[in-house]
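K.L.:
Mind looking over this structure? Questions follow.
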Amino acid sequence: MNVAEIKNDLHRVIVETDDLEILEQMMAYIAVLRDEKKIWDTLSDAEKESIQRGLADMDAGRTKTNEEVRAKVSSIFN
């Protein structure tokens, strides 16, 4: 695909999309790619709070290894 074809496809997708959330996410992603915004600035308050809680849990040692999580999931579904 060349540049003109990609632009045409993107234009078509945008014109055919009426979902405001999708359009806002596309704008935010393009801004990040163009280095107009930091990724952090595109996150919702709830997403930022969730990340902060995760970092606090990590700092406090409240984490599980990948193996522990896999074992727990396996015990639930098997």
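K.L.:
Go through the range 30-78 and count every residue that is at pLDDT 90 or above and either in contact with a Cys (Cβ under 7 Å, 6 or more places away or on another chain) or of a type in the set (D, E, K, R) (or both).
P.N.:
So the answer is 13.
K.L.:
Please work out if LYS48 is under 21 Å from the mean Cα position of the chain (by Cα), farther than 30 Å from LYS7 by Cα and among the charged types (D, E, K, R).
P.N.:
Values: under 21 Å from the mean Cα position of the chain (by Cα): yes; farther than 30 Å from LYS7 by Cα: yes; among the charged types (D, E, K, R): yes.
The answer is yes for LYS48.
K.L.:
Which of the residues belonging to the range 8-27 are in a helix (DSSP H, G or I) and surrounded by 11 or more Cβ atoms within 10 Å (Cβ to Cβ)? Before the answer, list the steps.
P.N.:
First, pick out the residues of the range 8-27 that are in a helix (DSSP H, G or I): 8-16, 20-27.
Correct list: ASN8, ASP9, LEU10, VAL13, ILE14, ILE22, LEU23, GLU24, GLN25, MET26, MET27.
K.L.:
For the range 28-78, what are the residues that are outside any helix (DSSP H, G or I) and closer than 30 Å to ILE14 by Cβ?
P.N.:
Correct list: ARG34, ASP35, GLU36, LYS37, LYS38, LEU43, SER44.
The values are calculated or read from the model by the stated rules, or taken from the named source; none is laboratory data. None of the values given here were measured: they were computed from a predicted structure. Reconstructed Cβ throughout: ideal geometry from the backbone, glycine too, with neighbour counts over all protein chains shown.
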